[in-house]
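The values are calculated or read from the model by the stated rules, or taken from the named source; none is laboratory data. All of these numbers come straight from a predicted model, not from anything done at the bench. Here the Cβ positions follow ideal geometry from the backbone for every residue, glycine too, while neighbour counts run over all protein chains shown. The protein model used for the area step is the full one, side chains on, heavy atoms only, and it has no ligands, DNA or RNA in it. Shrake-Rupley method; radii C 1.70, N 1.55, O 1.52, S 1.80 Å.
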Amino acid sequence: MDTLKEKFAQKALPLADEIKTLIKEHGNIVLGTYTLEQVYHGMKGMIGMVTETSKLDPEEGIRFRGYSIPELRAKLPRGTGGENLPEGIFYLLLTGDLPTEDDAKEVSNAWARRSHVPKHVFDMLDSLPMATHPMTQFSLAILAMQTESNFAAAYRKGINKKQYWEPMFEDVMNCISRLPRIAAYIYRRTYKNGVHIEPNPKLDWGANFAHMLGFDDEGMHALMRLYLTIHVDHEGGNVSAHTTHLVGSALSDAYYSLSAGMNGLAGPLHGLANQEVVRWIYDLRKFYGDKMPTKEDIAEYVEKTLAEGRVVPGYGHAVLRKTDPRYIAQMEFAQTHLADDELFKIVQMLYEVVPEILKSTGKIKNPWPNVDAHSGVLLIHYGLTEYDFYTVLFGVSRAIGVLTSLLWDRALGSPIERPGSVTSDWMKAQVEKG
Ligand code: HAX
């Protein structure tokens, strides 16, 4: 057994026993109550699942295994040319321990070893119409890899439920290893006349991804590491994480579960917001004759967007009530590397103008920017301008978090998920009963 797999087993299997005891001895403890409004409004704030890898605080933002983004930026191993290696955050989410440089290197090597994508996945992608959205291609490619599932094969043969985590570990490692190659293939197929770039095994995972996309400058390598690290996980209730967990709870394998999760990420209120932000900023600029907009222009355009019954992409959040620390991390990167960039200046102006207008509506619970408000500007600066592709980048990173959680689910013996649902007639009857 490889050392990472052994380490995971040492961490996860005792917790599975602890949880069994916890449920047996304290299963009737009441954790909270919920309201009719919460049932109608997307179950916000209702505790409905356990996710070991990260926890979101409405005021402070995400903590990965207890560490905030600023703490991790100081503590996780870095790549040459700067920024934390996504391999390091994977190790942290998987084991709960901070990785050493060697640990991160070991993950890097393991992912490079496992990164071969079966040919039929590329053939399938090549058969799709060129105009197929990159997220559709991405989700289909993940699904096409299901042929490789160790978990599905082991289940078919007959496997003791205590061993589910073992083939799941293999699937999770293999799937994550292959995603950059698949994503790069989609990008080069869609935007670069199908001229593909071979991986460079000497590079770390993020830098190699940038390389296969066609970007070999250190700035883009650093940005890609930052991007892939901060988008990784956002506790369990967001659409992509929850979907992956839910589908996996039926013992669907990692490929089925991740593909489903990616379909959720492709929604404009979730991950697709990163492409929508750029589209919205370009429309705004066009509206004002492609000149640099003033703060007054921006305010007017925000009001226009709201009056049209549309959302301002990149602002608001279902849980957060402050500026997203993932936004701040990207803003700091921009201040260091592209302070004079024109689009960055527009993004900064939006930060000054949008929250006050959203607050004034009186109904938006969080007027502050989220992660998606900033990512596009950084990518455009380094030449990755095809914004319909941005959610695929998000997906490559998010796969790390949701698949690690899926592995923990199988190790902890998580059951099939099956919440109750009611009709509005049932709800009205409860109201009448008081
Ligand atoms: N612009 C305009 N209206 C907004 C808004 C925004 N940015 N954010 C919230 N609202 C509106 C809601 O649409 C809702 O309106 P109605 O009552 O008319 O239905 C009202 O304000 C209350 O919403 P809320 O409780 O504050 O927010 P929700 O939890 O319902 O929704 C969303 C959270 C993130 C979906 C929402 O803020 C939004 O649509 N933002 C814009 C899209 C976006 O940036 N999404 C990415 C979020 C982060 C993420 O998942 N990244 O992947």
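Please list, in order along the range 300-317, the HN-Hα scalar couplings obtained from phi with the Karplus expression 6.51 cos²θ - 1.76 cosθ + 1.60 (θ = phi - 60°), rounded to whole Hz, x for Gly and Pro.
With coefficients 6.51, -1.76 and 1.60, one gets 4, 5, 5, 4, 4, 4, 5, 5, 7, x, 10, 8, 8, x, x, 10, x, 6 Hz.
To the nearest 0.05, what FRET efficiency results for M292 and S421 with a Förster distance of 51 Å applied to their C-beta separation?
It comes to 0.50.
Residues of the chain: accessible area per residue at 1.4 Å, in Å²?
Values: 19980 Å² over 434 residues.
Spelled out: the 1.4 Å probe surface of the chain, per residue, equals 46 Å².
Do any trypsin sites (Lys or Arg not before Pro) in the range 154-197 lie in a DSSP loop with no more than 15 other beta carbon atoms within 10 Å, and if so, which? Let's see the in-between values first.
Numbers: sites: R156, K157, K161, K162, R178, R181, R188, R189, K192; in loops: K192.
Listed in order of number, the matching sites are K192.
Across every pair of different alpha-carbon atoms, what Kirkwood hydrodynamic radius in Å does the range 151-218 reach?
Evaluated on the range 151-218, it is 13.9 Å.
Identify which of V39, V396, V172 has the largest mean-square fluctuation in a Gaussian network model of the chain, with springs joining Cα atoms closer than 10 Å.
Between V39, V396, V172, it is V39 that shows the largest mean-square fluctuation.
Compare T53, T243, T294 in a GNM of the chain, Cα atoms joined below 10 Å, and give the one with the largest fluctuation.
T294
Show me 198-211, 98-111 ranked by packing, highest mean number of other Cβ atoms within 10 Å first.
Values: 198-211: 19.7, 98-111: 18.2.
Per-residue mean Cβ counts within 10 Å order the peptides as 198-211, 98-111.
Report in % the part of the accessible area of the chain that belongs to carbon and sulfur, leaving out ligands and nucleic acids; probe 1.4 Å. Before the final figure, lay out each step's value.
Details: 10840 of 19980 Å².
So the carbon and sulfur contribution to the accessible surface is 54 percent.
Once every DSSP H run of n ≥ 4 in the chain is given -39500 (n - 2.57) and the sum is divided by its residues, what mean residue ellipticity at 222 nm do you get, rounded to the nearest 500 deg cm²/dmol?
Numbers: 20 runs with 259 residues, N = 434.
It comes out at -19000 deg cm²/dmol, rounded to the nearest 500.
Which value, in Å³ per residue, describes the convex hull spanned by the Cα atoms of the range 2-154? Write out the running numbers ahead of the final one.
On the way: hull volume 34.3 nm³, N = 153.
Expressed per residue, the convex hull around the Cα atoms of the range 2-154 is 224 Å³.
Could you work out the mean projected area of the convex hull around the alpha carbons of the range 167-206, in square nanometres to one decimal? Intermediate results must be reported in sequence, preceding the final value.
Numbers: hull surface 13.4 nm².
Computing the convex hull of the Cα atoms and averaging its projections yields 3.3 nm².
Summing +1 for each Lys or Arg and -1 for each Asp or Glu, what net charge is found among the other residues whose Cβ lies under 15 Å from the Cβ of Y185? Intermediate results must be reported in sequence, preceding the final value.
Details: positive: K119, R178, R181, R188, R189, K192; negative: D123, D126, E198, E386.
Result for the local shell: +2.
When the chain is modelled as a GNM with alpha-carbon springs shorter than 10 Å, which of S424, S375, S139 fluctuates the most?
Its mean-square fluctuation being the largest, the pick is S424.
Shape verdict for the range 230-282, please, from the Cα gyration tensor: rounded (a/c under 1.5), prolate (a/b greater than b/c) or oblate.
Numbers: a/c = 3.15, a/b = 2.33, b/c = 1.35.
Prolate shape, in that a/c is at least 1.5 and a/b is the bigger ratio.
Please enumerate, by chain and number, the lysines with C-alpha under 23 Å from the C-alpha of K192, excluding those fewer than 8 residues away in the same chain.
Cα-Cα hits under 23 Å: K119.
Pull up all non-local amide H partners of T132: gap of 5 or more, or a different chain, and H-to-H distance under 5 Å with H placed in the peptide plane.
Counting only residues 5 or more places away or on other chains, the set is empty.
For the range 377-419, what does the alpha-carbon gyration tensor say about shape, rounded, prolate or oblate, given a ≥ b ≥ c as the root eigenvalues, a/c under 1.5 as rounded, and a/b over b/c as prolate? The partial results should precede the final answer.
Working: a/c = 5.92, a/b = 3.17, b/c = 1.87.
Prolate.
Which lysines, on any chain, are close to K157 with Cα under 25 Å apart, when same-chain ones fewer than 8 places away are left out?
K5
Give a residue-ordered list of calculated ³J(HN,Hα) values for the range 72-86 (Karplus: 6.51 cos²θ - 1.76 cosθ + 1.60, θ = phi - 60°; whole Hz; x for Gly, Pro).
Per-residue couplings from phi come out as 5, 4, 7, 9, 7, x, 10, x, 5, x, x, 6, 5, 7, x Hz.
Roughly how many Å is it from the Cα centre of the range 23-46 to that of the range 179-193, as a whole number?
Each part's Cα centre sits 43 Å from the other's.
Where a Cα-Cα gap under 18 Å defines reach, which lysines qualify for K359, not counting those fewer than 8 residues away within the same chain?
Partners within reach: K295, K304, K322.
When the C-alpha atoms of the range 279-434 are aligned to their principal axes, what extent does each axis show, in angstrom, from largest down?
58, 44, 25
Hey, can you rank 425-434, 349-358 by average C-beta count inside 10 Å, highest first? Could the numbers behind the result be given before it?
Details: 425-434: 8.5, 349-358: 18.3.
Ranking, from highest mean packing down: 349-358, 425-434.
Tabulate in residue order the Karplus-calculated ³J(HN,Hα) for the range 328-344, using 6.51 cos²θ - 1.76 cosθ + 1.60 with θ = phi - 60°, rounded to whole Hz; enter x for Gly and Pro.
Values per residue, Gly and Pro as x: 4, 4, 6, 5, 5, 4, 5, 4, 6, 10, 8, 4, 8, 5, 5, 5, 4 Hz.
If you take the square roots of the eigenvalues of the alpha-carbon gyration tensor of the chain and sort them as a ≥ b ≥ c, do you get rounded (a/c under 1.5), prolate (a/b over b/c) or oblate?
Numbers: a/c = 1.60, a/b = 1.11, b/c = 1.44.
Because a/c hits 1.5 or more and a/b fails to exceed b/c, the chain counts as oblate.
Gain in length, L15 to V311, computed as 0.36 nm per residue apart minus the alpha-carbon separation, to one decimal in nm?
102.3 nm
Any chance you could check the Cα centroid distance between the range 148-170 and the range 286-325 for me, in angstrom?
47
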